[in-house]
1. Tell me, which strands (runs of 3 or more DSSP E) lie completely within the chain with 1 or more residues that are aromatic (F, W, Y) and surrounded by 11 or more Cβ atoms within 10 Å (Cβ to Cβ)?
2. Applying the selection to region 61-107, what residues are of a type in the set (V, I, T) and under 21 Å from N4 (Cα atoms)?
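All of the numbers you see were taken from the coordinates with simple rules; none came from a lab. All values derive from a computational prediction rather than experimental measurement. Because the Cβ atoms are built from the backbone with ideal geometry, glycine has one as well, and the counts that use them run over all protein chains shown.
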Amino acid sequence: MSSNVYSMPCSIDVPSTITSDIKRHFTNSIKQKDNHDNKCVASFRGRPLDGEQLNIPDDYIGVLTNSSKIVSSFDKLTYFNLDCSTSKNDCLARSIAWLSLAKILHE
């Protein structure tokens, strides 16, 4: 699994047939925060973004779909907040943490 998955605090209305130069316009702006392996900063259209990389638990696989067809799979994702730091209380971080907890509860 090698896909880079980013969750952004915005929506972009672009037809699925149009591909943009994501690397040039976004991923090249991502920088690691000092002394943090999984935290990063970036900007999108001049707006500051704070990000954090989350690992999907070992027994799970993240998938990207287009209708009912699986396009790609991933084992980690990076999510971003606009103008505020990421935290364990963010919805996406809590959802990923819940996967491990749910497994323990159902064993």
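1. Per the criteria, 39-44, 69-74, 76-82.
2. Taking region 61-107 as the starting set, the residues that turn out to be of a type in the set (V, I, T) are 61, 63, 65, 70-71, 78, 86, 96, 104.
I61, V63, T65, I70, V71, T78, T86, I96, listed by residue number.
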